Amino acid sequence: MRQAPKTMSTTPVLYSFRRCPYAIRARMAIARAGVSVELREVLLRDKPAAMLAISPKATVPVLVTAQGQVLDESLEIMRWALAQHDPDNWLADVSATLIETNDGSFKQALDRYKYADRYPQHSVQTYRAQGESILRSLEHDLGTKDWLCGIRPGFTDIAIFPFIRQFAAVDTNWFNESPYPRLRRWLNHWLHSSLFLDTMGKHPPWEPGQAAVPFP
Ligand SMILES: N[C@@H](CCC(=O)N[C@@H](CS)C(=O)NCC(=O)O)C(=O)O
């Protein structure tokens with residue numbers, strides 16, 4: 001784990017991008033844990049030097065703890081927040097396999113489906129079908145339990161939800177007609193949840209010296 005320079009404020013700082021699915025899941029976990037952070041909205045095409053200095057891999061989200069530790073993986077940030085306060089016991093039951101599939105093959109199919117014109121080797125339908133194999137498996141899981149890890153919503157649901165949201169949004173008509181009614185209900189639950197809506201506030205890009213934006 002890296003250390004940021006010692007001049008950090010005592011409030012943790014979160015570099016985030018509103019629509020990024022990784023940043024969304026990090027913000028949702030932070031909000032559920034009720035941990036206060038300073039939110040710094042980032043423009044991906046013009047990332048702040050302060051963020052690049054502490055995390056050269058240059059992806060969001062990045063969190064700097066009050067002690068100056070740098071966490072630059074969204075799952076790490078989720079765990080950090082919930083380790084402090086986990087009111088619904090989200091950490092008790094996490095499906096590493098589902099999350100790995102989501103972050104791996106599903107995310108790859110999602111990017112190709114979303115930006116099919118950048119991947120002319122195959123048609124948009126082919127990329128959608130690649131993603132659909134995971135939708136089918138989630139639909140099946142939601143037939144045996146209400147949430148991806150069991151009888152209560154939890155970490156796995158939050159970790160995967162922002163990516164299903166993006167997949168559904170590529171062609172909402174198709175998604176609404178697709179044979180995944182349980183997944184649609186699950187997605188709608190999260191889309192209308194205050195936990196999600198409260199993490200989607202709009203903020204101008206952060207600039208050094210500006211007044212802190214508290215989150216949640
Ligand atoms: N594994 C990382 C992935 C984060 C990631 O790829 N974020 C995207 C935005 S959604 C990003 O920052 N991409 C760099 C860029 O577009 O310049 C995590 O879980 O935090």
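The values are calculated or read from the model by the stated rules, or taken from the named source; none is laboratory data. Remember, predicted model here, so these are calculated numbers, not experimental data. Every residue, glycine as well, gets a Cβ built from its backbone with ideal geometry; the counts of neighbours run over all protein chains shown.
For the reader, a short list of remarks on this structure follows.
- Test: residue in the range 135-155 that is within 28 Å of ARG79 (Cα to Cα), touching a residue at least 60 places away in the same chain (Cβ under 8 Å) and in contact with a helix residue (DSSP H, G or I) (Cβ under 7 Å, 6 or more places away or on another chain): yes
- Residue match in the range 94-103 (condition: within 26 Å of TYR15 (Cβ to Cβ), of a type in the set (A, V, I, L, M) and either loosely packed, with under 14 Cβ neighbours inside 10 Å or away from the ligand (no atom under 14 Å from the Cβ) (or both)): yes
- ILE30 falls short on exactly one of the conditions (1) touching a strand residue (DSSP E or B) at 6+ places or on another chain (Cβ under 9 Å); (2) within 9 Å of the ligand (Cβ to nearest atom), and that condition is (2).
- Cβ pairs under 6 Å, 6+ apart, first in the range 160-175 and buried (at least 17 other Cβ atoms within 10 Å of the Cβ), second among the aromatic types (Phe, Trp, Tyr): PHE161/TRP190; ALA168/PHE175; VAL170/TYR113
- Cβ-Cβ under 8 Å pairs, at least 6 apart or on other chains, the range 187-216 side assigned by TED's automatic domain parsing to the domain that holds TYR22, far side among the aliphatic types (A, V, I, L, M) and loosely packed, with under 13 Cβ neighbours inside 10 Å: PRO205/LEU43
- One residue alone among ARG45, ARG128 is modelled with pLDDT of 95 or more and not assigned by TED's automatic domain parsing to the domain that holds LEU183, and that residue is ARG45.
- Residues of the range 188-211 that turn out to be within 18 Å of CYS20 (Cβ to Cβ) and either of a type outside the set (Phe, Trp, Tyr) or at pLDDT below 95 (or both), as a count: 11
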